[in-house]
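K.L.:
What follows is a structure written as structure tokens; I'll ask about it next.
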Amino acid sequence: MNQTDLDFSHKYDQFIAELNAAMNYRDSRGYLTLKSDNRLEDTFADLFTNYCDQPLPATHRGAFDDATIAYYYFCSATGRHGSLKLIVQKFGNKFIKDCEKRLNMN
């Protein structure tokens, strides 16, 4: 494994840990939300800005795409906009529409 692979894996693991914590936290009314100390937006922005345009091996590219979709779904479920601007700027509205189609199919 080279340094880029290790760095990607570390940033991806950080994002997944924050996403997991966020998915398991509810406010007093039972709504999915973020604790004030959750770094989900920061870890996603870090992962996205560092690896969006990088040539990644297929396994990392798949993990990156899955992380992007998972983040989009979390933002949709909570009404948070966070780093969605990064996604739209890079992939355009087609990505969002494709995610919404996939979400509505389930």
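The values are calculated or read from the model by the stated rules, or taken from the named source; none is laboratory data. Because the structure is a prediction, the values reported are computed rather than measured. For neighbour counting, all protein chains shown are included, and Cβ atoms are generated from backbone atoms with ideal geometry for every residue, glycine included.
K.L.:
List the pairs whose first member sits in region 22-46 and is closer than 22 Å to K85 by Cβ, whose second member is in a helix (DSSP H, G or I) and among the hydroxyl-bearing types (S, T, Y), and whose Cβ atoms are under 7 Å apart, counting only residues at least 6 apart or on separate chains?
P.N.:
Filtered contacts from region 22-46: L32/T78; T33/T78; F44/Y71.
K.L.:
Another question, then. Can you tell me which residue in region 1-20 is modelled with the lowest pLDDT, limited to those that are over 18 Å from the mean Cα position of the chain (by Cα) and exposed (fewer than 12 other Cβ atoms within 10 Å of the Cβ)?
P.N.:
Out of the qualifying residues, it is M1.
K.L.:
Any chance region 1-9 includes a residue that's of a type in the set (A, V, I, L, M, F, W, C) and outside any helix (DSSP H, G or I)?
P.N.:
yes
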